[in-house]
Amino acid sequence: MAAILVVDDDPNARLLLRTVLTYAGHSVSEASNGGEGLAAAADERPDLIVLDLSMPSMGGPEFVRALRADPRCRSARVALYTATAMNAATRDFMEMYGIRSAIPKPSEPTELLEAVERALVA
């Protein structure tokens, strides 16, 4: 299956994602903030990064801008995992940075897996 990096400041969200994705056969690593996530993305080169949009210190937008600026991981697939309502600004951000998937927080495990599978083939 896929190597997935989960970047989320909420330990419960990371636990949920790890549990569901590992059960589905994916390899999951975690980062609790944007800085850790960038280092892990450069080192691990995951197939997909599942990213919380709203984190303290380095939020999702700053993370994605830094990720796209790094030649080692600029082409990484990213799926947003967020409780933030989808609006025009969020859709514009996703389009600008090539993010094709947004996973609503919270999601049922089946919805989460379906969204991850779509992000992996997008």
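Over the Cα atoms of the chain, what is the Rg over Rh ratio if Rh follows Kirkwood?
A ratio of 0.91.
Taking 0.36 nm per residue of sequence separation and subtracting the Cα-Cα distance, how much length would be gained by fully extending the chain between Val121 and Thr84, in nm to one decimal?
Once the chain is fully extended between Val121 and Thr84, it gains 10.9 nm.
Excluding Val78 itself, calculate the net charge of residues whose Cβ lies under 12 Å from the Cβ of Val78, where each Lys or Arg counts +1 and each Asp or Glu counts -1.
That works out to +3.
Each reported figure results from applying straightforward, stated rules to the coordinates on display, with no laboratory input. Quick caveat: nothing in here was measured; it's all calculated off a predicted structure. Cβ: placed from backbone, ideal geometry, glycine included. Neighbour counts: every protein chain shown.
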